[in-house]
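To keep things clear, I will list the structure first and then write my remarks on it.
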Amino acid sequence: MKIEIFVFALAAFPGCWIARAADIAAESKRANEFFDKCWDETVARHPVDESFYGIKTHCEQLEDLSDEKATADLKALQDQLATLHREFKLESLDAPTPTELQTFRARSRACG
């Protein structure tokens, strides 16, 4: 009986590890897609930055340097950060993803 339990435990353990690795990969992929979406949204709000990256969507516009725009940018960044903490399991990210997370948090601290 003890041998059967031991064999079952050995058979189940790799399956758990593989499922855990798949969960980490899936959560990291979702987080990276979210970071890409946030970056695209942030750049889209700044025509000069778009031009710098070769995006010609708003190339005829100048940067809005008003306090209202700065407040709106800060609100958008805070909303993105709240979404990140609400919808993602941050402890379930692969090795490179926390670097992007740290960059995202640093950017939000710099603005706030």
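The values are calculated or read from the model by the stated rules, or taken from the named source; none is laboratory data. Bear in mind that the values here come from a model prediction, so they are computed numbers and not experimental data. Virtual Cβ from ideal backbone geometry, glycine too; neighbours counted across all protein chains shown.
Restricting to region 57-89, name every residue that is exposed (fewer than 10 other Cβ atoms within 10 Å of the Cβ) and acidic (Asp, Glu). If the condition is that a residue be exposed (fewer than 10 other Cβ atoms within 10 Å of the Cβ) and acidic (Asp, Glu), then 60, 67, 68 are the ones that fit. The residues of region 16-56 that are over 22 Å from the mean Cα position of the chain (by Cα), within 20 Å of residue 72 (Cα to Cα) and surrounded by fewer than 16 Cβ atoms within 10 Å (Cβ to Cβ) amount to a single one, 48.
State whether the residues of region 64-74 include one that is closer than 17 Å to residue 39 by Cβ and not hydrophobic (A, V, I, L, M, F, W, C). Within region 64-74, one or more residues are closer than 17 Å to residue 39 by Cβ and not hydrophobic (A, V, I, L, M, F, W, C). Which of the residues spanning region 94-104 are surrounded by 14 or more Cβ atoms within 10 Å (Cβ to Cβ) and over 10 Å from the mean Cα position of the chain (by Cα)? Passing the criteria: only 94.
Only one entry of 77, 84, 93, 62 meets the criterion of being at negative phi, hydrophobic (A, V, I, L, M, F, W, C) and modelled with pLDDT under 85, and that entry is 93.
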